[in-house]
1. From the backbone phi of the range 215-226, what are the Karplus-calculated ³J(HN,Hα) couplings (6.51 cos²θ - 1.76 cosθ + 1.60, θ = phi - 60°) in whole Hz, Gly and Pro given as x?
2. Per the 1.4 Å probe, what fraction of the accessible area of the range 57-224, in percent, lies on carbon and sulfur atoms?
3. State the percentage of accessible surface on the range 254-308 attributable to carbon and sulfur atoms; use a 1.4 Å probe and exclude ligands, DNA and RNA.
4. Pull out the extension gain between K682 and R73, defined as 0.36 nm times the separation in residues minus the alpha carbon to alpha carbon distance; nm, one decimal.
5. Which net charge results for the neighbourhood of T347, defined as the other residues with beta-carbon distances under 14 angstrom from its beta-carbon, given Lys and Arg at +1 and Asp and Glu at -1?
6. If I compute solvent accessible area with a 1.4 Å probe over the protein chains, what percent of it on the range 442-586 is carbon and sulfur?
7. Skipping prolines and chain starts, which residues have an amide H placed within reach, meaning under 5 Å, of the one on A616, given they are 5 or more residues away or on another chain?
8. Per residue, how much accessible area does the range 347-433 have with a 1.4 Å probe, in Å²?
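The values are calculated or read from the model by the stated rules, or taken from the named source; none is laboratory data. The structure presented is a predicted model; accordingly, all values stated were derived computationally and were not measured. Here Cβ is always computed from backbone atoms with ideal geometry, including for glycine, and neighbour counts include all displayed protein chains. For accessibility, only protein heavy atoms count, side chains too; no ligands or nucleic acids. Shrake-Rupley method; radii C 1.70, N 1.55, O 1.52, S 1.80 Å.
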Amino acid sequence: MLHFNRCQHLKKITQKCFSSIHVKTDKHAQRFLSRTFALAELRKSWYSTHSLVGDKNIILMGPPGAGKTTVGRIIGQKLGCCVIDVDDDILEKTWNMSVSEKLQDVGNEQFLEEEGKAVLNFSASGSVISLTGSNPMHDASMWHLKKNGVIVYLDVPLLDLIHRLKLMKIDRIVGRNSGTSMKDLLKFRRQYYKKWYDARVFCESGASPEEVADKVLNAIKRYQDVDSETFISTRHVWPKHCEQKVSTKFFSEAVIEGLASDGGLFVPAKEFPELSCGEWKSLVGATYIERAQILLERCIHPADIPAARLGEMIETAYGENFACSKIAPVRHLSGNQFILELFHGPTGSFKDLSLQLMPHIFAHCIPPSCNYMILVATSGDTGSAVLNGFSRLNKNDKQRIAVVTFFPENGVSDFQKAQIIGSQRENGWAVGVESDFDFCQTAIKRIFNDSDFTGFLTVEYGTILSSANSINWGRLLPQVVYHASAYLDLVSQGFISFGSPVDVCIPTGNFGNILAAVYAKMMGIPIRKFICASNQNRVLTDFIKTGHYDLRERKLAQTFSPSIDILKSSNLERHLHLMANKDGQLMTELFNQLESQHHFQIEKVLVEKLQQDFVADWCSEGECLAAINSTYNTSGYILDPHTAVAKVVADRVQDKTCPVIVSSTAHYSKFAPAIMQALKIKEINETSSSQLYLLGSYNALPPLHEALLERTKQQEKTEYQVCAADVNVLKSHVEKLIQNQFI
């Protein structure tokens, strides 16, 4: 059956809890397995009924003026099937009067009821059905239609709709009363369309009906082919013979597992989806939430997360949790430099942009009967962001998903440490490790790859391990959105026209943020150069310049920018895999050599390929503080130390022939002592709150981060654990926390 493989991964995931017939299984375990297999069969049934095979309908939905009738006729001609227009073929024949006459006769509310009744009495199969603009406002009739078809939303730009309605001389639609503008009513209607669609066709401004019809057919094909969008490990070796099976994972599997079993990272087996120039232009006036939904729908198959559910997650993640309504605004700093402010989330760092969404994605993807323990290594900002994000799940999800974050006990700022510890909740804990971030990250990877330990946890406690670092694809993917959104904002603000190139400069440690910008370019954003900015731990800068990744004789330095105090950059593997045409064998050799010999060298052809897109440099501690000082004195803007590192590098290497977007990855409030030192403020008070109030008195931009200020007011001392730099000790902590949470 077409969709058999897609549901089998749920069985495989839950079988990990009791994978051997030789392990002990009690009645609880048997019930656990039977419930999970029942779920898999349910999903299997769901997919088969949505496969568009046989007598299913294609249902076109959209606002008045979207072109549903015309597009439906074109599709009907292409497929040789019946075409039904709800207005002409159902409503007017049922009522023996025109739709406009009926609306005038009974009024808005009664019209919706009469319309719904007429649709409920209608049935069809193997047809193309063009709905009215108001059909989605009647729940019962939409469920009736949805049971035997796939609903395709024709998402047409608002200005195009208004123009078409004027040409059609339509000045009244259902729901419009005196005093309500057509524009406002069409915006209001969107909430109903978002509720029902299975696939969206994002219509470019000025697109012809024939072009839209082709897009509909492509959307249907994608929806039907649920096994087409899969993921492979960066260390996957392609079979030499075509009859050999390729080991792939679905999106939901990649999110759940986090790290591939061979030690590699999951990447799409095919290329990133690319938007056309017209589609990008249609997003220029969109909100961040609207942009996120369009882009992530293209990257996540609806079989993994239905579009309507994904939209709910995005609205939950970005709706009320960010201090700025623009979520990730772009601010002009000076000259050709722009600041992408990624710190308006609840914990004040760019990690919030993904970790407010990723927990909802994760909770949706996992089987309902499994418990999961998320292991996270943090260099400073991820810890509080992941604890905050997973604490916002609903009660049921928090009972089956827990988080433990390991941070270098003496390798983060005092504020970051207090924030991590203070973010502990009933399903999240912080553990300080007497080592650096590289040890924490490596230890977690070793725990994942210890099949004896992970098998013991699943058998003994019914718990599976996963991750929420950027090694997890579900954590990395949302970061693509803000790089694309930043470019669109520059277009919207009139600084550039669409198609003009920009550079991006990003303070880089684990390579995830800058890699997300690479993916944004693959989707169609015209980024010219990726500028990798390092602090004194400049292993990435040296690598980009030489092709030699060398950790020998290199010791991690503690700096004013602790979140990029990293020597082992995990996501670099993903980019090298992309550059090397998905050569998994090469990735295995390189990163095994890095583990055993602490260095590797890539071939000259790959170095040249890397340097076509990337430039890199590093910033000293003195230069970092000087940049904070000079930027404040010239523009009244306070950079955090990581952003200052990026600005120093951008000033040095960017040629000023195009705009450069500097990623501001954290709010300066998290690094008050360094800021006060940079600004030569002598009265450095002892408490964090007094330091922030003093900085606030400078009336600088950006203003103080209210959520961070509230954090400093919390006087209670939260307990947390500290452990030695020993993988076995970390394992012991993980097991104890699992016992406390799930047993």
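1. 5, 4, 5, 5, 5, 5, 4, 5, 4, 6, 8, 6
2. 49
3. Numbers: 890 of 1630 Å².
The value for the range 254-308 is 54 percent carbon and sulfur by accessible area.
4. The K682-R73 span can extend by a further 211.8 nm.
5. +1
6. The nonpolar share, carbon plus sulfur, comes to 47 percent.
7. C532
8. Averaged over the residues of the range 347-433, the accessible area is 21 Å².
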